[in-house]
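The values are calculated or read from the model by the stated rules, or taken from the named source; none is laboratory data. None of these values were measured; they are calculated from a predicted model. No Cβ is skipped: glycine too gets one built from the backbone with ideal geometry, and neighbour counts run over all protein chains shown.
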Amino acid sequence: MLFSVNPVNPQIRLIRKAVDILHQGEIIALPTDSVYAFGCRLRDKKAIAKLYQIKRVDKKHPMALLCADLKHIAVYARISNSTYKVLRRHLPGPYTFILQASREVPKLMLTKQKTVGLRVPDNQIVQDLVQELEEPILTTTAEVTDYGLFTEAIDIEEKFGNQLGCVIDGGILPDERSTIVDLSDDFPQVLREGKGKFLE
């Protein structure tokens, strides 16, 4: 099911339909400020298992939480003053920050180092979805073995429509991933150069 959503002024009716689909335990495809992503609810174990299946990766593959803002991030991660300043300088934006997880993050989503990836994309559709859902969306890049990276919603619908609750069309996106920065020990380390330029 393809939802054509205005990226500047998202239709609240479609946002609520997508959130209802998430509450039903389904996976959705959604735009971000980098590339398209697959997403589900953070504590829905069946949906998470399905997400790994669609992505064709094992359960050790890291995923990220899409949050609404810095206050939202602070619920799911431990943030020092210096880390907060770095986050404030870069977010919202095309970055995934690796941080020490709080107890609000399910153990299933933690790395061995007890860290978690968090994002606040500069994308109004994502902002509205997370605010309506009232919790982060667990996501992974819409990149699948044999298909590569998806930058158009219609291609996701054609390949995975029967496995997804809905595909949110937010327009054609650039073929650029987010920049990944490890801030888990207060010493920033860029793990992947992407769309966002990191300023220490």
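Scanning segment 136-179 for residues that are more than 14 Å from Ala37 (Cβ to Cβ) and part of a strand (DSSP E or B), we see that the one that is modelled with the highest pLDDT is Thr179. Of all residues in segment 180-191 being outside any loop (DSSP other than H, G, I, E, B) and more than 16 Å from the chain's Cα centre (by Cα), which is surrounded by the most Cβ atoms within 10 Å (Cβ to Cβ)? If we take residues in segment 180-191 being outside any loop (DSSP other than H, G, I, E, B) and more than 16 Å from the chain's Cα centre (by Cα), then Asp182 is surrounded by the most Cβ atoms within 10 Å (Cβ to Cβ). Screening Ile168 on (1) of a type outside the set (Gly, Ala, Ser); (2) farther than 17 Å from His90 by Cα; (3) in contact with a strand residue (DSSP E or B) (Cβ under 9 Å, 6 or more places away or on another chain); (4) surrounded by fewer than 21 Cβ atoms within 10 Å (Cβ to Cβ) shows it passes everything except condition (4). Would you be able to say whether some residue in segment 62-77 is in contact (Cβ under 8 Å) with a residue 40 or more places away in the chain, more than 21 Å from Asp185 (Cβ to Cβ) and among the small types (Gly, Ala, Ser)? Looking for residues that are in contact (Cβ under 8 Å) with a residue 40 or more places away in the chain, more than 21 Å from Asp185 (Cβ to Cβ) and among the small types (Gly, Ala, Ser), one finds at least one in segment 62-77, hence yes.
Of the residues that sit in segment 101-118 and are part of a helix (DSSP H, G or I) and in contact (Cβ under 8 Å) with a residue 60 or more places away in the chain, which one is farthest from Phe198 (Cα to Cα)? Steps first, please.
As a first pass, look at segment 101-118 and keep what is part of a helix (DSSP H, G or I): 107-109.
Narrowing the set further to residues that are in contact (Cβ under 8 Å) with a residue 60 or more places away in the chain leaves 108-109.
Numbers: Leu108: 29, Met109: 25 Å.
Only one residue fits best here, namely Leu108.
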